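In what follows, a single structure is set out as structure tokens and then discussed.
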Amino acid sequence: MSSRAEFLTRIRGQLAKTPALFTAAPSLRPARPREVADTIRRELAERWQESLTRFQREFERVGGVLHHVADVQDVPAVVGRLARERGASSVVAWHPSALGFDPTPGLAAEQLTVHGMPDVLPDAERRRALRETIATTPLGLTGVDAALAETGTMILRSGPGRPRSTSLLPATHVAVFDRHALVESLAQVGVLLEAWHTEEAPGAVINFITGPSRTADIELTLTRGVHGPKEVHAIFVERPIGE
Amino acid sequence: MSEPELATPFRARAGEALHDGFLQQALTIATTKFIDLRREAFGEFPEGEALRDRARAIKEATLQRLDHYLEQLVDNVERLGGTVHFATTPEDARRIILDIAERTGARMAVKSKSMATEEIHLNDALEAAGVTPVETDLGEYIIQLAHERPSHIIAPAIHKTKGQVADLFSRELGRPDVPADPEVLTAIARAELREKFLQADMGITGANFAVADTGTVVLVTNEGNGRMVTTLPRVHVAVMGVEKVVPSMTDLAVFLAILAKSATGQKLSVYTTLVRGPRKPTELEGPDEFHLVLLDNGRIDQIGGTLREALSCLRCGACLNVCPVYRSIGGHAYGYTYPGPIGILLTAMLNGPGSVKDLAHASSLCGACADACPVRIDIPRMLIELRKEVDEKRIAPWTERMVFRAFAWLLGRPALFRLTAPIARLMQRPFARGGRITRLPLFFGEWTRTRDLPPVAARTFSERWDDLAREGRR
Amino acid sequence: MARTRAALMITCLGDMLYPEVGVAIVRLLRKLDVDVEFPKGQTCCGLPLFNSGYHTEARAVAGRLVELFAEAPYVVVPSGSCAWMVKHELPGLLKDTPLAERAQALAAKTYELSQFLVRVLGKRRFTSRVHGRVTYHDSCHLLRGLHESASPREILRNLEGVELVELPGHDECCGFGGSFSVRLPEVSSAILEKKLVNVEATGAACVVACDAGCLMQMSGGLTRRSSPVRAMHLAELIEGAS
């Protein structure tokens, strides 16, 4: 077993006797990432149609399905339809504080049993029960922290009321977002990540999700739904959520 | 690879692979597909070239201050409630992980694909200690059931037919008559492994990157097993080579832009998971404990060594796909954890120059690997350096060294060099037929077994020069 | 105006096995008003030594080469791999010796044949000695080492009576690799087999390359299988200026 000190000493020893291969520097980082991130979001929200079109193209390329609704109230109807088409009658959903709206009444009207995620940590037994439930529920409903147009990727942060498994265990993942989530490029995502890390994070994980789970490990034949969801749907809400 | 297999010389292993008809077919299809996908991805990505240069620079800049960035990483991981361990040897790493398993009462560990854990031969050690390791990446799951090692860095079961996988599942999972249908096979794996994910005590992963500035470990996967393994069990252990650290999130974005494109032609893999320590106290899910095992295993020595550039490797597999040698013989013939062009360098790094006395020559030095490498590692140059080391350390056979020295000696004596032509013309007479040589004795037979050779010319260019010079003066 | 002077670096394989290529180059250059010199005492550029890791020996060979070719304003080489050795590795080998500057100078004035014709002399149109369909194989060191894939193709495309067809996998190695071809002959031959299948698929009567090693490997395989396809050096196709 070695210690931190040993490792560092050996590394420093190597560095001391080695010239650099060439002059090099890491990436320049934004001095005020939150400001830059806000500016990016604002600008993109203004020309959201362009970004959305690009997002849709890339999202569909990786097997995602995009739905476009006028208002957040129209979301439950889409979820209800998806559920019926798949013979499903229940859905796991992020807490309303994480979603930005409360889908429960609307989903109940669609004859769906809603397992809403708590935003306060329940006791161990309740947590076990919840895990059972999530593992056997066919649909998962989440929000989206950033929708990356360049690659058709949805970025979700974990935290209270927004557990990781909602977008992982159910066979169908449905994610809801509006124009404020749109970003164009990975470079901009870099800025976003810098910005998020200047303050306390809600949870320990950030997940980038680019379409349904897939593999080509058997004779390079593409199959979907290996461990993660087999289907990924995104619902774009034209009227910004919470407005 | 077990020791008896390594006892077969490399050339013989390569020969066997060449005669394996299905392997040949599988290799051609798979590598060609990967090459096309990669070309397409970079074809529609004009910023790609500049980003490759950036990526290379970031890796070099990080190495130049590796101590600083590692310290930063360690501090951040610990600040967020994780524990960092330092493993100099594979034995150290195994001991660390077994201790964690014992202390936490782990009986079963689910693993996301990790070449680092292959490198330290972790699974055998876990089994021996009564902890069942379960590979969850479909390709790794397949080869685990088959008791084999991976044959490609990113597509470990590329050498298996769907028929072979179906038989394997039938046999090992007690499911009769599994059809050779990838959809069905995937569904079976999904069902079998979901149980394991939900019951496992420990999740073990590698790490594609670790961001020093934030203490984040980054996992790039397609199947979702990386997420499962870091969400459901109560302990998460990530094993990572020290060279994988990157300074900041801005740097990470550069690598994410080129990694998946280089590996599979995807813009991004399906899941990129940024894990920052154990779950927050207010989170519903996530491990209670997070352990980062930093692995040396020969890497630190290369910071000042000839293989320094190889420390930039992103483990994307692009060099394997374009290598004419890999494409002919596949991964197992190399005999070590990492195959292909970068694999030869990594093998030397982990096991010393003696381990590559044959492998260093398993290359025509065509340079396709360096071309394909997203961080522009000059693999051919380092292969030549390894050959030099093998010569200088007298690892190469003395007969070979003698031949090359004799050749060099001759090159410095032009008059004697000129004599080789008439001598060769004399000696080749019994073998030259119809303007070509079809058979030669001894060592030269290595060529003529499969190819003809042009005879030494009746008059060499040097012998004709005086006439040519005269011609020019007319 | 004084005629251009160029020294020919014939290379060891060129000297012993393909002298007719050297002869064709000399005659062609003369037709293009280039005075060709042939420094006597040439043997080899040292690439086989270098590639197998015998760098001390390669350095000695390099030193001789630098002296031999010190005088000429240009050095023309019929093989991409040898041209690469001189341009890329010689300076490094002689870096800490008194010959360092001369090595740099030699590197700067050395050209593979097609590069010399197109980029230095500016000549790309020639009459051809053969007619029909040809295909072109990119030698690894010429393509990736010297970044040259355009000049040979320009010449071939402009050769009257010649139809150039792209070779599938044109940038894939032929399997020669110097000593690789005899250290791992089975693998070398398997790689060659793929190359020849591609060559035959083009329907070309001849595969052209700018490297003696590649030509040795490819023609060795072609004649062994009694193929009607010939492997030829670019210089062998060119008759004269158009």
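What is the sum of charges around residue B:92, taking Lys and Arg as +1, Asp and Glu as -1, for the other residues whose C-beta is under 12 Å from the C-beta of residue B:92? Don't jump to the answer; show the numbers that get you there.
On the way: positive: B:94, B:95; negative: A:6, B:91, B:99, B:296.
So the surrounding residues net to -2.
Take the alpha-carbon centre of the range B:409-471, take the same for the range C:124-144, and report the distance between them in whole Å.
First find each Cα centre; the distance between them is then 26 Å.
Is there a quick way to get the dipole size of chain B? I mean about its Cα centre, with the Cβ of Lys and Arg at +1 and of Asp and Glu at -1; what is the value in debye to the nearest 20? Intermediate values should be presented prior to the final figure.
Working: 60 positive and 60 negative charges, 508 e Å.
Charge dipole of chain B: 2440 debye, to the nearest 20.
Can you give me the Cα centroid spacing of the range C:171-224 and the range B:318-334 in angstrom?
Cα centroid to Cα centroid, the span is 18 Å.
Nearest 5 is fine: what % of DSSP beta bridges in chain B come out antiparallel, could you say? Intermediate results must be reported in sequence, preceding the final value.
Working: 11 of 36 bridges.
Taking every DSSP beta bridge with both residues in chain B, the antiparallel ones total about 30 percent.
Just the number, please: percent antiparallel of the DSSP beta bridges in chain A, rounded to the nearest 5.
Working: 10 of 35 bridges.
Once the DSSP bridges in chain A are tallied, antiparallel ones form about 30 percent.
Using alpha carbons only, how many angstrom separate the centre of the range A:1-73 from the centre of the range B:192-227?
Centre-to-centre distance over Cα atoms comes out at 19 Å.
Would you mind counting up the charge near residue A:210? Only other residues with Cβ under 9 Å from its Cβ, with Lys and Arg at +1 and Asp and Glu at -1. Please list the in-between numbers first.
Working: positive: B:267; negative: A:58.
Here the charged neighbours net out to 0.
Could you list which residues have their amide H under 5 Å from that of residue B:84, counting only those 5 or more apart in sequence or on another chain, with H placed in the peptide plane?
Distant-sequence amide H within range of residue B:84: B:292.
Cross-link candidates for residue B:244: which aspartates and glutamates have Cα within less than 14 Å, leaving aside residues fewer than 8 places away along the same chain?
B:60, B:67, B:71, B:213, B:296, B:309
As a footprinting exposure proxy, order B:6, B:70 by other Cβ within 10 Å, with the fewest listed first. If you can, show how the numbers build up before the last one.
On the way: B:6 13, B:70 23.
Neighbour counts put them in this order, fewest first: B:6, B:70.
What ranking of B:342, B:188, A:155 emerges when the number of other C-beta atoms within 10 Å of each C-beta is taken as an exposure proxy, fewest first?
On the way: B:342 26, B:188 17, A:155 22.
The order, fewest Cβ neighbours first, is B:188, A:155, B:342.
Give the order of A:29, C:102, B:299, A:42 when sorted by the count of other beta carbons within 10 angstrom, beginning with the fewest.
On the way: A:29 15, C:102 19, B:299 25, A:42 10.
Ranked by crowding around the Cβ, least crowded first: A:42, A:29, C:102, B:299.
For residue B:280, give me every one of the lysines with a C-alpha distance below 23 angstrom, ignoring sequence neighbours fewer than eight places off in its own chain.
Here the lysines satisfying the reach criterion relative to residue B:280 are B:111.
Give me the percent of DSSP beta bridges within chain C that run antiparallel, rounded to the nearest 5.
Details: 3 of 23 bridges.
Beta bridges within chain C, antiparallel portion: roughly 15 percent.
Taking the Cα atoms only, what angle lies between the long axis of helix B:398-411 and the longest principal axis of chain B, rounded to 10 degrees?
50 degrees
So which lysines can residue C:109 reach, going by Cα to Cα under 20 Å and dropping same-chain residues fewer than 8 places off?
Within the straight-line cut-off, residue C:109 pairs with C:40, C:87, C:95, C:123.
Values quoted throughout were computed directly from the atomic coordinates according to the rules given, and no laboratory measurement underlies them. This is a predicted model, so every value here is computed, not measured. Using ideal geometry, Cβ is built from the backbone for each residue, glycine included, and neighbour counts are taken over all protein chains shown.
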